[in-house]
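The values are calculated or read from the model by the stated rules, or taken from the named source; none is laboratory data. For clarity, every value in this text was computed on a predicted model and none was experimentally measured. Please note: Cβ atoms are built from the backbone with ideal geometry, for glycine as well, and neighbour counts cover all protein chains shown. Note: areas computed on protein heavy atoms with side chains; ligands, DNA, RNA excluded. Shrake-Rupley method; radii C 1.70, N 1.55, O 1.52, S 1.80 Å.
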Amino acid sequence: MNRDAKPTHTAIVDAIRRAARQEQFLEVVSAAEARRRFEARLDRAPLAGESLPLAAALSRVIAADVIAPIDTPPFDRANVDGFALRAADTLSAGPGTPKRLTLNREVIACGVAPALEVASGTATAIATGGVIPRGADAVVMIEHTELIEDAAPAIDVHRAVTSGQFISYAGSDIARGETLLRRGIRIGSREIGMLAACGMTSVEVVRRPRVAVLSTGDELVQPGQPLRPGGVYDSNGAIIAAAVAEAGGEAVPFGAVADDQTALERAMRAALASCDMVVLSGGTSKGAGDLSHQVVSRLGSPGILVHGVALKPGKPLCLAMIGKTPLIVLPGFPTSAIFTFHAFVAPLIRARAGLPVEAAHAVAARVPVRIPSELGREEFVLVSLVGADDGLIAFPTGKGSGAVTAFSQADGFFAIDALASALDADSQVEVTLIGKSEHAPDLVIMGSHDIALDVVVGALAERGVRARTIAVGSLGGVSAASRGECDIAPVHLVDAASGVYNKHLLAPGLALVPGWRRMQGFVFRPGDARFEGCSAEVALQAALADPAILMVNRNAGSGTRVLIDSLLRGAKPPGYANQPRSHNAVTAAIAQNRADWGVAIAPVANLYGLGFLPIAPEHYDFLVVEARRRRPAVQAFIEVLRDEATRDRIRALGMEPAAQESI
Ligand code: AMP
Ligand code: MG
């Protein structure tokens, strides 16, 4: 549609009809059935091997077992500087009773073949790494001998040695004929060292599967380009390409293609012609008219095997085979895309790349909150893990499948059965870890997030303290702190009755540590003559007087909402029902002309270049769980708050750090 011309009535009705079309899945199947159908058609054998020079083989996968062609060390070798001798000759040697041995007339340096035999009563000087001469069965360290410089040079040995002492025998490190490296091993620096130690210059590795990575969406903008109105960056392309490489594949980036059947078909055919596998994300959701699926259905046989899986996230997944090439359409939503990639695509890439099946690592954890779930779909919930006295606690990351960070910041996930309509609070679950290890943080911070908190977390990181912040809002932080599920809860809630911040949240077992002050103000677009140059009070009166002026509110429970309601004194101006959850969302709505005014903190208004009329400072403080206060990480947190360098950095963000003695 031409964006500039006004659409005709018929054109707009047509467009609405297209947009409102329901998802049309061929047949929604279970995850297990989807996997069965796909795997029945797949060739999972590793691709053929290719020979690579060692210098180019890092992180590649060994194609066939490597058998050691030589012994390492290749000969019996001295481990110290000293004298090669017969252990039996030193039998009664001690500090006061040295044994004298005549020296043979050679010195065995590294890389020199010995010429003389070590006979009984003699010894030969030898350097570390030298070849043990015939007749010798041990080496005495030079420190335990004394040189006797007579006509016939000799040594006094002050310590008895045992047979074999300070000798590395041939093949003791690597024995000729033994399996040095097994197929399926990913080559790291250690493996390169082992191959070089055997004199090898090249190694047979599995060819990496070439995986085409495509995105589709009219809204997609490549990173590096300016973001146009309504545009979003193509993050799927980047994360999937990197995940392909992690799984042992070679990502072939095809960029983002517009939501246009012809263009998409052309790109997919080019991808199929040049790659071992094709992964496309987007064009799958309700309203998109299932563009990707329509194009895939034209590409060749056997075609689509699965379209629609009873999974959340991931329902629109489409699995197809075009000839012998697997083609997978992932949902566009970033979390759904990467989740289904790991469930259905990564194992296939690993198999073709010659890597073994990745064992799932799971831990038991308690989920402290109730989670409603859709009946009929197996639901995966991404969680952050924190340690508590009674074991691990799993907190849902709480971001929807549209979030980019939900997967990246999660420690793992657990499943809610398709037949359950909810998971009860305090249920025990099995959390499958993402990545191998479970990194328990040193400090858990749960509550309201603030950009200056990042400064504190950064300062902690420099001191080696790993803090995990989980943004659950002030109220969420208060409950986590009172349940002892976190160390520190950042809060900024005003007591409506007294107008005092945060003190009313104190309860037995909790202490309040002052944080910083953030100026709240009336935010508007610069140049808006209705507000420019006014005080906040006058601007508010102007806003309330004109029904054409639209506000943007805040979510109930937020400190800012309490402030807004006290300013409005019961009035509910247009836009009151629009209640986003953050300062950023408020300022974005005003900057993008979706609202004319709202209340937010000064630093965020500045980030968006908006007009700002100060109202009152808001106190952002920390509830500290007393029982954990003595922990070194909590102490470090409090020290960092007092540190002048940190306080300067907080000031630079437009906040005023509080005096540390008072609240
Ligand atoms: P779709 O499956 O195309 O309907 O997309 C569903 C949602 O995911 C929309 O909000 C898209 O903007 C978003 N999305 C689709 N592809 C990408 C991508 N490559 N990167 C980031 N977001 C995407
Ligand atoms: Mg799309």
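General observations
- Whichever aspartates and glutamates have a C-alpha closer than 18 Å to that of Lys6, once near sequence neighbours (fewer than 8 apart) are set aside: Asp14
- Å² per residue, accessible surface of the range 172-273 at 1.4 Å: 51
- For the range 566-611: relative contact order, % (alpha-carbon pairs under 8 angstrom, 6 or more apart): 32
- Global geometry of the range 298-353, whether rounded, prolate or oblate, following the gyration tensor of its Cα atoms and the 1.5 cut on a/c: oblate
- The solvent-accessible area of Tyr233, taken with every protein chain present and a 1.4 Å probe, is close to 100 Å².
- Contour minus Cα-Cα distance for Ala88 and Ala659 (0.36 nm per residue): 197.8 nm
- Assuming charge only on the beta carbon of Lys and Arg (+1) and of Asp and Glu (-1), the dipole of the range 215-329 about its Cα centre is about 280 debye to the nearest 20.
- Within the range 482-597: Cβ-based charge dipole about Cα centre, in debye rounded to nearest 20 (Lys, Arg +1; Asp, Glu -1): 140
- Charge dipole (the range 43-141, unit charges on Cβ, about Cα centre) - positive-most of Gly130, Ala88, Val61: Ala88
- The range 34-59-the range 517-536 distance, computed between alpha-carbon centres (Å): 60
- Cα centroid separation, the range 595-663 to the range 338-352: 42 Å.
- Contour minus Cα-Cα distance for Glu644 and Ser482 (0.36 nm per residue): 55.3 nm
- Relative contact order [Cα under 8 Å, 6+ residues apart], the range 512-663, whole percent: 41
- Cα-based reach from Lys324 at 13 Å (exclusive), listing aspartates and glutamates while leaving out same-chain residues under 8 positions away: Glu39, Asp43, Asp276
- Dipole of the range 241-354, positive direction: furthest Cα of Ala241, Leu311, Pro326, with charges on the beta-carbon: Leu311
- Rolling a 1.4 Å probe over the heavy atoms of the protein chains gives the range 517-609 an accessible area of 43 Å² per residue.
- Proximal aspartates and glutamates relative to Lys312, as straight alpha-carbon distance under 12 Å, when same-chain residues fewer than 8 apart are discounted: Glu374, Glu378, Glu379, Asp417
- Across the chain, the relative contact order, built from alpha-carbon pairs under 8 Å that are at least six residues apart, equals 11 percent.
- Gyration tensor verdict on the chain (Cα atoms; rounded if a/c is under 1.5, prolate if a/b is larger than b/c, oblate otherwise): oblate
- In this Cβ point-charge picture (+1 for Lys and Arg, -1 for Asp and Glu), the chain has a dipole of about 1680 debye about its Cα centre.
- Inter-probe distance in nm under a simple model that places probes 7 Å from Cα toward Cβ, at Ile70 and Asp43: 3.9
- Maximal additional length on extending the Asn555-Ala511 stretch stands at 13.2 nm, based on 0.36 nm per residue less the C-alpha distance.
- 1.4 Å probe accessible area per residue over the range 23-111, in Å²: 55
- Distance in nm between pseudo-label sites at Thr162 and Val221 (7 Å out along the Cβ direction from Cα): 7.3
- Packing here is the average count of other Cβ atoms within 10 Å per residue, and on that basis the peptides 403-415, 332-344, 642-654, highest first, run 332-344, 403-415, 642-654.
- Carbon + sulfur, % of accessible area of the range 74-196 - ligands and nucleic acids excluded, 1.4 Å: 53
- Label zone at Leu419, where the point sits 7 Å out along the Cα-to-Cβ direction: the range 303-337 residues whose backbone N lies under 19 Å: 310-312
- Shape of the range 384-491, Cα gyration tensor, a/c cut at 1.5: prolate
- Here Thr201 sits with roughly 110 square angstrom of accessible surface, probe radius 1.4 Å.
- 12 Å beta-carbon shell around Ile187, net charge (K/R +1, D/E -1): +3
- Farthest towards the positive end of the charge dipole of the range 406-477, among the residues Thr432, Ala422, Leu443, is the Cα of Leu443, using unit charges on the Cβ of Lys, Arg, Asp and Glu.
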